[in-house]
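Here the structure comes first, spelled out in structure tokens, and everything after it is commentary.
The values are calculated or read from the model by the stated rules, or taken from the named source; none is laboratory data. Since this is a predicted model, take the numbers as computed values, not measurements. Counting neighbours? That spans all protein chains shown, and the Cβs are built from the backbone with ideal geometry, glycine included.
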Amino acid sequence: MKKNIWKRLISFALTLVLVMVSLLSNFVLEASAVNTTETRENYTFTLLDVDVTSDREFPNITDRINMFLLEKLDVTTGKFSVTVQIRGTSGFNNVWPAFEIEGNFSVKSCSEALDETIIVTSKTFTVTTDPFFYPYLPYKVSAKLRVTRSAMDHRGNATCSTEDTCIVCGNSYKGKH
């Protein structure tokens with residue numbers, strides 16, 4: 001009789017562990033929202049939307065964003081690159097797809113505020129490591145971003161009598177008297 005009780009307890013414990021493991025992978029996929037805004041050198045980049053273009057209709061993946069990272073920023077040319085990573089479907093063993101997307105924004109003088117919405121598109125992807133994305137190959141990822149910067153004073157070494165190039169916007173300016 002005692003052996004029977006121990007067998008039942010062990011069976012129950014193993015079942016409980018299996019249920020918890022299966023729920024854990026769902027919990028990982030439904031992780032809380034990530035930061036989709038990044039500020040660097042007075043410019044704020046906000047990820048508004050992510051879209052995937054494929055021959056097949058692709059489900060909305062904006063709620064599956066795992067990471068948004070501003071990789072490169074050149075404020076004098078307006079060139080930037082961001083990485084957007086999407087939560088996949090394979091749990092802990094998953095190599096989640098990450099897309100580096102490059103774009104440009106309008107370069108304005110520091111004395112003018114900037115508020116621009118940009119749509120940038122990645123290259124075409126023909127391979128994937130995640131089974132969720134496989135049926136949609138080939139596909140492109142588009143990101144809708146908002147780039148903002150408030151008007152501000154130029155930065156550099158200009159004086160009231162000597163001109164300099166602003167290190168933020170690249171325009172020439174004279175310092176205040």
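Annotation note: of Glu112, Glu163, the sole residue that is touching a Lys or Arg at 6+ places or on another chain (Cβ under 7 Å) and without any contact (Cβ under 8 Å) to a residue 60 or more places away in the chain is Glu163. For the range 108-163, the candidate set comprises residues that are surrounded by fewer than 16 Cβ atoms within 10 Å (Cβ to Cβ) and hydrophobic (A, V, I, L, M, F, W, C); within that set, the residue that is nearest to Lys174 (Cα to Cα) is Cys160. Put simply, of Glu71, Glu57 the only residue that is under 30 Å from Arg155 (Cβ atoms) and at pLDDT 80 or above is Glu71.
Those strands (runs of 3 or more DSSP E) of the range 84-177 in which at least 3 residues are modelled with pLDDT of 90 or more, considering only elements entirely within it, cover 98-104, 114-125, 139-149. The set of residues in the range 49-75 that are under 18 Å from the mean Cα position of the chain (by Cα), part of a loop (DSSP other than H, G, I, E, B) and surrounded by 12 or more Cβ atoms within 10 Å (Cβ to Cβ) contains only Ile61.
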